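*Asks:* Quick one: the structure is below, and I'll ask about it shortly.
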Amino acid sequence: MKGIILAAGKGSRLYPMTRPVCKPLLPVYDKPMIYYPLAVLMQADIRDILIIIPPGEEGPFYRLLGNGAQWGINISYVVQDVPRGIADAFLVGEHFIGKDSVCLVLGDNIFHSLDLDRVLKRAVREADGGATVFGYYVEDPRAFGVVEFDDDGNALSIEEKPRFPKSQYIIPGVYFYDNQVIEIARSLKPSARGELEITDVNLEYLRRDKLRVIRLDRDFTWLDAGTADNLLYAGQAVKQVQDHTGRYIACLEEIAFLRGYIDVEELHRLAGRLGQTLYGQYLMCL
C-alpha cells in the first residue's frame, strides 16, 4: 500500500498565521503538524509516501523532511497547482499510486491511541478489494460527514452535514482504498463548491457494497488542527498526553527505530542533531 498526505490547502481558516508559512509546517506543540499524518502512515507500515504540497513550498518541505531516508522511508513530492478537493489527491498522485492500494491522510489531522498500530494495520487489510474508513464518535455530528454502519462494520449510509444525523459517528481524515479509487475519482463531477469531494468517493464504494467502517474506541483521540482554536487545543492535548504517559506522539525517529527501519547508531545520530532539546533527550533515552 502507498501513502499520500494532502498538504496543499491554503490554510485560509488560520489567516494571518498561514500567510507566510504553509499550514502543515506550523507547530503542534513540539513537532511540525506534518509529522502527525506522516506518523500515521509509518505506523500502518507504509513506507512509500507522496506529499501533495502547494506551489512554491518545495524548499521548506524538503528542508524539513528530505526524501525520508533518515527514517528509512521514501518521501516524494508533487505540487497541486489549484486545490480541487480532497479526492483530487488520487488524480494528482495517480502515477505514484500505480497499481497499488492507497491510504490518504489529511495534513492537518492528528490521531492517537495506544492501540493505533493495530487499528491501522486492520484498516490496511480490510481495504483489500474495497475501501475502509473509521467511525469516530462525537456528541454533535451535524457539522461532519456522518456514517451509519451495522455491527459487522458494513456501511449503510453516508450523509454530509445532515440536519438530522442517523448516527453519532463521523468519518475523520484518514481513508484506505484499493486501486479502484483512481477510476472512481476520475469519474467524479465537481460539487457545488467546485471540488471533487471525498464523500462522493465513499458513496461510490457504498453503492458497490465495498465500504467498511472500523468503529474507534472512545479512548481514541482525533484532532483537526485546521482552525486557530483547534490548533491551540491540539497542542495542549499532545502535551498533556506526553506529560502523562512519558511517551511522545508522532515521534518519527522512535517509530522508525521500533520497526527496524533504522538502527540504534542512526537513532543516536538523529538525536545528536537535536542537541539538548527535550525531543533529543527523549530519543537518547530510547
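The values are calculated or read from the model by the stated rules, or taken from the named source; none is laboratory data. Note that the coordinates shown come from a computational prediction; the quantities given were computed from them, not determined experimentally. Backbone-built Cβ (ideal geometry, glycine too); neighbour counts: all protein chains shown. Please note that ligands, DNA and RNA were not included when accessible areas were found on the heavy atoms of the full protein model with its side chains. Shrake-Rupley method; radii C 1.70, N 1.55, O 1.52, S 1.80 Å.
*Asks:* For residues that are among the aliphatic types (A, V, I, L, M) and open to solvent by 10 Å² or more (accessible area, probe 1.4 Å), scanning just the range 78-105, find the one that is modelled with the lowest pLDDT.
*Replies:* Restricting to residues being among the aliphatic types (A, V, I, L, M) and open to solvent by 10 Å² or more (accessible area, probe 1.4 Å), the top hit is Val82.
*Asks:* Working only within the range 1-26, note down all residues that are modelled with pLDDT of 95 or more and either among the acidic types (Asp, Glu) or open to solvent by 40 Å² or more (accessible area, probe 1.4 Å) (or both).
*Replies:* Met1
*Asks:* In the range 55-75, how many are at negative phi and over 17 Å from the mean Cα position of the chain (by Cα)?
*Replies:* The number of residues fulfilling the criteria is 12.
*Asks:* Open to solvent by less than 40 Å² (accessible area, probe 1.4 Å), within 17 Å of the chain's Cα centre (by Cα), within 24 Å of Pro190 (Cβ to Cβ) and modelled with pLDDT of 95 or more: does that describe Ala44? Spell out the reasoning first.
*Replies:* Numbers: open to solvent by less than 40 Å² (accessible area, probe 1.4 Å): yes; within 17 Å of the chain's Cα centre (by Cα): yes; within 24 Å of Pro190 (Cβ to Cβ): no; modelled with pLDDT of 95 or more: yes.
No; evaluated as a whole, the condition is false for this residue.
*Asks:* Now for a separate question. Can you name the residue in the range 232-278 that is assigned to a helix (DSSP H, G or I) and in contact with a strand residue (DSSP E or B) (Cβ under 8 Å, 6 or more places away or on another chain) and is also surrounded by the fewest Cβ atoms within 10 Å (Cβ to Cβ) among such residues? Let's see the steps before the verdict.
*Replies:* Here is the first cut: in the range 232-278, the residues assigned to a helix (DSSP H, G or I) are 232-245, 252-258, 264-273, 278.
Cutting the leftovers down to in contact with a strand residue (DSSP E or B) (Cβ under 8 Å, 6 or more places away or on another chain) gives us 233-235, 237-238, 241.
Working: Tyr233: 14, Ala234: 23, Gly235: 20, Ala237: 19, Val238: 23, Val241: 16.
The extreme case among them is Tyr233.
*Asks:* Taking the condition touching a His at 6+ places or on another chain (Cβ under 9 Å) and under 28 Å from Asp263 (Cα atoms), does Tyr36 pass?
*Replies:* Criteria met by Tyr36.
*Asks:* Now for a different question. In the list Leu196, Leu120, Leu156, which residue meets the criterion of being among the aliphatic types (A, V, I, L, M) and surrounded by fewer than 20 Cβ atoms within 10 Å (Cβ to Cβ)?
*Replies:* Leu156
*Asks:* Follow-up. Please work out which one of (1) touching a helix residue (DSSP H, G or I) at 6+ places or on another chain (Cβ under 8 Å); (2) farther than 26 Å from Leu231 by Cβ; (3) open to solvent by less than 40 Å² (accessible area, probe 1.4 Å) is the condition Ala127 fails and give its number.
*Replies:* Failing condition for Ala127: (1).
*Asks:* Quick one: Ile51 ticks every box in (1) surrounded by fewer than 21 Cβ atoms within 10 Å (Cβ to Cβ); (2) part of a strand (DSSP E or B) bar one, so which box is it?
*Replies:* Exception for Ile51: condition (1).
*Asks:* It is to be established whether one or more residues within the range 174-181 are in a helix (DSSP H, G or I) and among the β-branched types (Val, Ile, Thr).
*Replies:* Yes, there is a match, as at least one residue in the range 174-181 is in a helix (DSSP H, G or I) and among the β-branched types (Val, Ile, Thr).
*Asks:* If you go through the range 206-214 one residue at a time, do you hit one that is out of contact with any helix residue (DSSP H, G or I) (no Cβ under 9 Å at 6 or more places or on another chain), part of a loop (DSSP other than H, G, I, E, B) and within 26 Å of Leu14 (Cα to Cα)?
*Replies:* Looking for residues that are out of contact with any helix residue (DSSP H, G or I) (no Cβ under 9 Å at 6 or more places or on another chain), part of a loop (DSSP other than H, G, I, E, B) and within 26 Å of Leu14 (Cα to Cα), one finds none in the range 206-214, hence no.
*Asks:* Checking Val213 against (1) under 26 Å from Tyr279 (Cβ atoms); (2) crowded, with 17+ Cβ neighbours inside 10 Å, which single condition isn't satisfied?
*Replies:* Failing condition for Val213: (1).
*Asks:* Kindly list, by first and then second residue, each pair from a residue in the range 225-247 that is without any contact (Cβ under 8 Å) to a residue 12 or more places away in the chain and more than 13 Å from Lys31 (Cα to Cα) to a residue that is open to solvent by less than 40 Å² (accessible area, probe 1.4 Å) and not in a loop (DSSP other than H, G, I, E, B), limited to pairs with Cβ atoms under 6 Å and residues at least 6 apart or on different chains.
*Replies:* Filtered contacts from the range 225-247: no entries.
*Asks:* Taking Ser191 as the residue in question, decide whether it is surrounded by fewer than 16 Cβ atoms within 10 Å (Cβ to Cβ) and either on the phi > 0 side of the Ramachandran plot or at pLDDT below 95 (or both).
*Replies:* For Ser191, the condition - surrounded by fewer than 16 Cβ atoms within 10 Å (Cβ to Cβ) and either on the phi > 0 side of the Ramachandran plot or at pLDDT below 95 (or both) - is met.
*Asks:* Can we say Tyr282 is more than 22 Å from Arg118 (Cα to Cα), free of Cβ contacts under 8 Å to residues at least 40 places away in the same chain, of a type outside the set (S, T, N, Q) and open to solvent by 60 Å² or more (accessible area, probe 1.4 Å)? Break it down into steps so the answer makes sense when it comes.
*Replies:* Details: more than 22 Å from Arg118 (Cα to Cα): yes; free of Cβ contacts under 8 Å to residues at least 40 places away in the same chain: yes; of a type outside the set (S, T, N, Q): yes; open to solvent by 60 Å² or more (accessible area, probe 1.4 Å): no.
When the stated conditions are applied, Tyr282 does not pass them.
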